[in-house]
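The values are calculated or read from the model by the stated rules, or taken from the named source; none is laboratory data. Because the structure is a prediction, the values reported are computed rather than measured. Note that we place each Cβ from the backbone using ideal geometry, even for glycine, and neighbour counts take in every protein chain shown.
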Amino acid sequence: MICQRNIEVILHFALHSLYYVLLFVERMFSFMICISMLHQVYSAYICPENTAVQAEIVDQHNAFRRAVQPTASDMLEMNYSEEVAANAQAWVDKCILAHGAPSTRMINGYELGENLFYSSSPYPWTDVVGAWHSEVSHYLYPNGSTNGGTIGHYTQVVWNSSYRVGCGMTLCPNNIYFYGCHYYRAGNFRGWLPYKAGPPCASCPNACIDKLCTNPCPYINSYINCPTLKARVGCGNKLVYAWCPASCKCINKIIPIA
């Protein structure tokens, strides 16, 4: 029995190691495809499979999120997600150059947010994210667009509960460079502000790094009045507990809308 147990342990670690080896090979294969596809000396600096590029994308998002005016009390720190990135890459590879239906960007039953950008020339990701953010020039908190212009790319970049980002890019026919980022959780819900104005991290005083909150709630409520249901009925009620997992399970965490 001892020998059998040792064999099981060895097999477990062998399979665990094989998984990470295969994951590494897959990442390297995707990276080489990106480089060979673009045929550019600088392609390694715009391929999102490159971890340095991923850091660039995240840093640029977080810099903009810290700098919102008025300041945000509940702005979550954004991190990179390979799972979200795979979804974004799958969409840009289609070269449709437009937003897809919500069904094209789902993870674990949750809809992802989406920002897209395309150009006849390659741009570094700081410029791409900067282009989305530039819509701030005609955005006024809390009123919205000041002139009827587009603001949705900007508001997605600074949506407080979008705490994971993953991006993809490809070279489409007619020499079009197509970039896309998906966001978990999605932003841009009609009738909602992108964040709560207030002193930085006022909503997360014990979970804050450089003006950004680090306490996302992994659940969502089924109903908008869950805080009221929790206060009046309590989470001991089975229906309230089932309908309002974020309110019941996430104490002192930033709760997403959906």
- Please go through the stretch 63-76 and pick out each residue that is surrounded by fewer than 21 Cβ atoms within 10 Å (Cβ to Cβ) and in a helix (DSSP H, G or I). A63, F64, R66
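Listed here are the residues, each with its yes/no results for (1) in contact with a Pro (Cβ under 7 Å, 6 or more places away or on another chain); (2) closer than 28 Å to P70 by Cα; (3) surrounded by fewer than 18 Cβ atoms within 10 Å (Cβ to Cβ); (4) free of Cβ contacts under 8 Å to residues at least 24 places away in the same chain.
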position	(1), (2), (3), (4)
A86	no, no, yes, no
A90	no, no, yes, no
S103	no, no, yes, yes
N108	no, no, yes, yes
G130	no, yes, yes, no
P142	no, yes, yes, no
S145	no, yes, yes, yes
- Item | Any hit, the stretch 223-237, residues being part of a loop (DSSP other than H, G, I, E, B), in contact with a Lys or Arg (Cβ under 9 Å, 6 or more places away or on another chain) and closer than 19 Å to F64 by Cβ | no
- Note on the structure: Log entry, pairs with first residue in the stretch 175-196 being more than 19 Å from D93 (Cβ to Cβ), second being part of a helix (DSSP H, G or I) and polar (S, T, N, Q), beta carbons closer than 7 Å, six or more apart or on different chains, reads G187/T155; G187/Q156; N188/T155; N188/Q156; P194/T155
- Regarding K230, is this residue over 27 Å from I107 (Cβ atoms), of a type in the set (K, R) and over 21 Å from the mean Cα position of the chain (by Cα)? no
- Taking the residues in the stretch 238-257 that are part of a loop (DSSP other than H, G, I, E, B) and among the hydrophobic types (A, V, I, L, M, F, W, C) as candidates, determine which candidate is nearest to P205 (Cα to Cα). I251
- Would you be able to tell me the number of residues in the stretch 205-241 that are under 30 Å from D59 (Cα atoms), surrounded by fewer than 17 Cβ atoms within 10 Å (Cβ to Cβ) and not β-branched (V, I, T)? 5
- Message: Return the residues of the stretch 173-187 that are of a type outside the set (G, A, S) and under 20 Å from Y118 (Cβ atoms); say none if nothing qualifies.
- Response: P173, N174, N175, I176, Y177, F178, Y179, C181, H182, Y183
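Could you identify the single residue in G109, G166 that is at pLDDT below 95 and small (G, A, S)?
Numbers: G166 fails: at pLDDT below 95.
Result of the check over G109, G166: G109.
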- Message: Being hydrophobic (A, V, I, L, M, F, W, C) and either touching a Pro at 6+ places or on another chain (Cβ under 7 Å) or assigned by TED's automatic domain parsing to the domain that holds I255 (or both) narrows it down to one residue among L112, L116, L97, L76; which is it?
- Response: L76
- Query: Which one of these does C244 not meet: (1) surrounded by fewer than 23 Cβ atoms within 10 Å (Cβ to Cβ); (2) of a type outside the set (G, A, S); (3) over 19 Å from the mean Cα position of the chain (by Cα); (4) farther than 19 Å from V128 by Cα?
  - Reply: (1)
